[in-house]
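J.: One structure coming up, written as structure tokens, with questions to follow.
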Amino acid sequence: MTDRSDTTTCTDDTQQFTIQLPCGLAKRIEKYAQETGNSNTGVVIEALDALLRGRKVD
């Protein structure tokens, strides 16, 4: 078995994380952000947090 480290060390409160999203999802994020007065980043953070809250991350 190969030694694989998936642990990310973060020395700040935030960390840059770049991903590619399907265009349709990106448009929905932008629309929701505009409707709620939030940023695109804020929408993605809230969505991921809501999905992952309470789940064990290995």
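Just so it is clear, none of the values below were taken in a lab; they were calculated from the coordinates. Predicted model only: the values in this text are computed from it and were never measured. Neighbour counts run over all protein chains shown; Cβ positions are idealised from the backbone, glycine included.
J.: Can you work out the Karplus-derived ³J(HN,Hα) for every residue in the stretch 9-24? Use 6.51 cos²θ - 1.76 cosθ + 1.60 with θ = phi - 60°, whole Hz, and x for glycine or proline.
T.: 8, 10, 9, 10, 6, 10, 9, 6, 9, 9, 9, 9, 10, x, 4, x
J.: How many nm is it between the label spots at Cys23 and Cys10, if each spot is 7 Å from the Cα in line with the beta carbon?
T.: 3.1 nm
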